[in-house]
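Notes to accompany the following structure.
The values are calculated or read from the model by the stated rules, or taken from the named source; none is laboratory data. Quick caveat: nothing in here was measured; it's all calculated off a predicted structure. Here the Cβ positions follow ideal geometry from the backbone for every residue, glycine too, while neighbour counts run over all protein chains shown.
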Amino acid sequence: MGSHLSYFNKYIDQVGTGLVIGQTSDKMTKRFYVGLAMVAGICMGFFLANQYGGSNVNSMQRVYVMPNLNKQSGNPPYSVHNYETKLNRPISQNNIIIKTKTDSKTFKPNPDHNCIATIPEKYITNGEQPVLIPDDQELTSLPDNAVTCLYHRYVTTLQYFCGYKERIGQIPRNGWYICADPSFVPSSKNCVVFSSNKKFNDNIFLSDIKARYNCRTFITPLSQSDSLQSWITKNDVGNTVIDVLTLSISTYTELEVIDKMVEEKSIGKVKQLLLELHFNPSQTKKTDYIKLLTRLQMLFQAGLRIIWYDRVFQCVGVNKFSKCYAIYFVQKSLEDKEHTFKEMILPSEDEIRKLPTQELQDLYYRYLMTTQFLCKQIVRIGKVLDGGWDVCHDMMLKIDRNPCIVYSFGINHDFSFDDDMANTYNCNLHSFDPTMNKKDFKHSEKVWFYNRGIGDTYRKYGAGDIAPLDKIRKDLKHDKVPIAVMKGDTEGAEWPSTPQMLRTNQLADVSQFYLEFHSNGMAPDHVILLKKMHDAGFRIFWFHTNPACTFKARIGQHSQCMEVYFMNTKYPFNS
């Protein structure tokens, strides 16, 4: 069968307002522990490949999109970098005129766990390459820690926009994301995929992408003797675009593969490069980082732009630097400028309630995996594993933070995010959890703990209580103080509490809102909440699919635990 998205493109041309996606199905069992689930997922890989090959994808669903397309390639409707043109006037909130802010702040955390202040300011820009890579001579003159930070910040900073990231293969491992926007989606007529990944078996990924897009797939291990151009010739691909190339590099000798692709210009034929870099920070020296940065700069000069990244959880160490990263590139010169990003608009509440269960689940996951706001500098605050959260650093640089208030719901004895947020951004953290059996206390200079949870109504809960956000803010005298970041990992309490926040207008002055949604996507009220958040101005800028909660769907896998990161585009300030 051909690509389900090729049908989508044809349908768009005909009616102008429809988006076609496949259906998913199946329910999820209880949440497993992270480690157990990841191991089980990997071990079951080949079995699952046979279960969800995708050949039975024959049921389609219509989803509404914006009729007016955004003509600016690489830019979504909302981003940090066009924000000042959208909010350039004072805003009235609760009959109080709030003045807009235009200044940008600097941070000097001590210690600088997140490489915020270690990189010299001249290497941080608002351009297409937000983290600049100087030449080798200049890199050599920099302190060791600055070079280390340049690498780890570069590979975790976005340079270009892709809205819909489609997961092909498995979630815990044995899978990759691809950019499925119309401008970069694999060709519906002659899709070609090369696999040069040696770190895990690509068979599940190749089987899945072949089923979804009718691709021709080739195993093409790259080396100095077998270059990309030689594989193009051997496989009689000719001048055909390589829609996707998977590649893993774990030695400095293997970096020469990049040199060869750039030298012979074959890299210019690759529409999407899915690259894993495996280098242990405890063993990587300054000279090694310079080699890595030099190759990353070569890829940038060859037209490749980073649109997404993953910290591969199997590679996470004890510190903030991962042993490996999955970095997702698109080739600018191969962008289809006739078919650009269209913001996804959810149907009306009545239409949502009438959707069949499988279509509802499709809609839920498609929406959560489509980013609508471009934040380039994503900084992991707190643990790299469960307990940490990804902050839009771009916006933290621009909002008025006097004072900076952060609400953190759902601690479970882990203050890593709260402590790191206070140290990095000098914020006052208010941490809430009624399940820890602890009285209110001051955890540190800028972190306060409350034996209280978030809900839609007030009620007692053990020795603590549950309260709606308006009461919590009033009790803390924050009802007129903007909130820079609010995060919630509340094991299902997000579904009753968030609608109450919207009804009482408590989210109007919350800049960034992070939630872990616990759902299999089959409840109409869950999709309706996403629509209400969209209508209130909240746009997704990041998401993370928790590998601990995966379940088999009709196409691939889904997770019942989705960390979703929203930016409030109506927040009362401008950049």
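Among the residues of the range 207-221, is any buried (at least 22 other Cβ atoms within 10 Å of the Cβ) and among the basic types (Lys, Arg)? Yes, because at least one residue in the range 207-221 is buried (at least 22 other Cβ atoms within 10 Å of the Cβ) and among the basic types (Lys, Arg).
In the condition set (1) buried (at least 19 other Cβ atoms within 10 Å of the Cβ); (2) within 21 Å of Asp112 (Cβ to Cβ); (3) touching a helix residue (DSSP H, G or I) at 6+ places or on another chain (Cβ under 7 Å), Ser408 is compliant with all but (2).
Condition check ((1) under 30 Å from Val316 (Cα atoms); (2) of a type in the set (A, V, I, L, M)) across all residues:
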{"residue": "Lys234", "(1), (2)": "no, no"}
{"residue": "Val237", "(1), (2)": "no, yes"}
{"residue": "Leu247", "(1), (2)": "yes, yes"}
{"residue": "Leu255", "(1), (2)": "yes, yes"}
{"residue": "Met261", "(1), (2)": "yes, yes"}
{"residue": "Gly268", "(1), (2)": "no, no"}
{"residue": "Asn280", "(1), (2)": "yes, no"}
{"residue": "Lys285", "(1), (2)": "yes, no"}
{"residue": "Leu292", "(1), (2)": "yes, yes"}
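So is Asp310 modelled with pLDDT under 95, in a strand (DSSP E or B) and in contact with a strand residue (DSSP E or B) (Cβ under 6 Å, 6 or more places away or on another chain) or not? Answer is yes for this residue.
Please find, within the range 363-389, the residue that is surrounded by the most Cβ atoms within 10 Å (Cβ to Cβ) out of those that are among the basic types (Lys, Arg) and closer than 28 Å to Lys323 by Cα. Show your work before the answer.
Residues of the range 363-389 among the basic types (Lys, Arg): 366, 376, 380, 383.
Now restrict to residues that are closer than 28 Å to Lys323 by Cα: 376, 380, 383.
Working: Lys376: 24, Arg380: 19, Lys383: 15.
Ranking the candidates gives Lys376 first.
Residue pairs whose Cβ atoms lie under 9 Å apart, separated by 6 or more positions or on different chains, with the first residue in the range 473-492 and farther than 27 Å from Asp394 by Cβ and the second at pLDDT below 95, are Asp479/Asn94. Applying the selection to the range 208-233, what residues are among the charged types (D, E, K, R) and touching a Phe, Trp or Tyr at 6+ places or on another chain (Cβ under 9 Å)? Asp208 - this is the single residue of the range 208-233 that is among the charged types (D, E, K, R) and touching a Phe, Trp or Tyr at 6+ places or on another chain (Cβ under 9 Å). Looking across the range 259-307 at every residue that is in a strand (DSSP E or B) and of a type in the set (Val, Ile, Thr), the one that is farthest from Leu132 (Cα to Cα) is identified as Val270. The test for being surrounded by fewer than 18 Cβ atoms within 10 Å (Cβ to Cβ) and at pLDDT 95 or above holds for Ser230. Only residues that are farther than 26 Å from Val131 by Cα, touching a Pro at 6+ places or on another chain (Cβ under 8 Å) and either among the small types (Gly, Ala, Ser) or buried (at least 20 other Cβ atoms within 10 Å of the Cβ) (or both) were counted in the range 308-354, giving 2. For the condition farther than 21 Å from Asn280 by Cα, assigned to a loop (DSSP other than H, G, I, E, B) and not hydrophobic (A, V, I, L, M, F, W, C), Asn114 does not qualify.
Taking the condition out of contact with any Cys (no Cβ under 6 Å at 6 or more places or on another chain), farther than 24 Å from Leu515 by Cα and of a type in the set (Ser, Thr, Tyr), does Ser348 pass?
Values: out of contact with any Cys (no Cβ under 6 Å at 6 or more places or on another chain): yes; farther than 24 Å from Leu515 by Cα: no; of a type in the set (Ser, Thr, Tyr): yes.
Here the answer is no, as Ser348 does not meet what is asked.
Asp386 fulfils the conditions (1) under 20 Å from the mean Cα position of the chain (by Cα); (2) at pLDDT 95 or above except for a single criterion, (2).
In the set Leu292, Leu296, Leu275, which member is out of contact with any Leu (no Cβ under 6 Å at 6 or more places or on another chain), among the hydrophobic types (A, V, I, L, M, F, W, C) and within 20 Å of Cys162 (Cβ to Cβ)?
On the way: Leu292 fails: within 20 Å of Cys162 (Cβ to Cβ); Leu275 fails: out of contact with any Leu (no Cβ under 6 Å at 6 or more places or on another chain).
Exactly one residue qualifies, and that residue is Leu296.
Taken together, the residues in the range 143-164 that are touching a helix residue (DSSP H, G or I) at 6+ places or on another chain (Cβ under 8 Å) and either over 30 Å from Asp181 (Cα atoms) or surrounded by fewer than 17 Cβ atoms within 10 Å (Cβ to Cβ) (or both) amount to 3.
Taken together, Phe205, Phe184 contain a single residue that is among the aromatic types (Phe, Trp, Tyr) and in contact with a Phe, Trp or Tyr (Cβ under 7 Å, 6 or more places away or on another chain), which is Phe205. For His518, the conditions (1) touching a Cys at 6+ places or on another chain (Cβ under 8 Å); (2) within 26 Å of Cys162 (Cβ to Cβ) are fulfilled apart from (2).
Among the numbered criteria (1) closer than 30 Å to Met344 by Cβ; (2) basic (Lys, Arg); (3) buried (at least 18 other Cβ atoms within 10 Å of the Cβ), which single criterion is violated by Lys199? The one condition Lys199 does not meet is (1). Consider the range 261-283 and keep the residues that are touching a residue at least 12 places away in the same chain (Cβ under 8 Å) and among the polar types (S, T, N, Q). The one that is nearest to Tyr151 (Cα to Cα) is Asn280. For Cys392, the criteria (1) farther than 20 Å from Arg153 by Cα; (2) touching a residue at least 40 places away in the same chain (Cβ under 8 Å); (3) crowded, with 19+ Cβ neighbours inside 10 Å; (4) not charged (D, E, K, R) hold in every case but one, which is (1).
Could you please find all residues in the range 429-457 being of a type in the set (D, E, K, R) and over 27 Å from the mean Cα position of the chain (by Cα)?
So the first thing to find is which residues in the range 429-457 are of a type in the set (D, E, K, R), and the list is 433, 438-440, 442, 445-446, 452, 456.
Passing the criteria: Lys438, Lys439, Asp440, Lys442, Glu445, Lys446, Arg452, Asp456.
Just one of the listed residues (Leu507, Leu515, Leu529) is at negative phi and touching a Gly at 6+ places or on another chain (Cβ under 6 Å), and it is Leu515. Selection of the range 343-383 for residues being within 23 Å of Phe551 (Cα to Cα) and in contact with a Phe, Trp or Tyr (Cβ under 8 Å, 6 or more places away or on another chain) yields Arg366, Leu368, Met369, Thr370, Thr371. Of the residues making up the range 413-453, those that are in a loop (DSSP other than H, G, I, E, B), free of Cβ contacts under 8 Å to residues at least 60 places away in the same chain, surrounded by fewer than 18 Cβ atoms within 10 Å (Cβ to Cβ) and polar (S, T, N, Q) are Thr435, Asn437.
Identify all residues within the range 286-312 that are more than 25 Å from Thr370 (Cα to Cα) and in contact (Cβ under 8 Å) with a residue 40 or more places away in the chain; write none if there are none.
Lys286, Tyr289, Ile290, Leu292, Leu293, Thr294, Arg295, Leu296, Gln297, Met298, Leu299, Ala302
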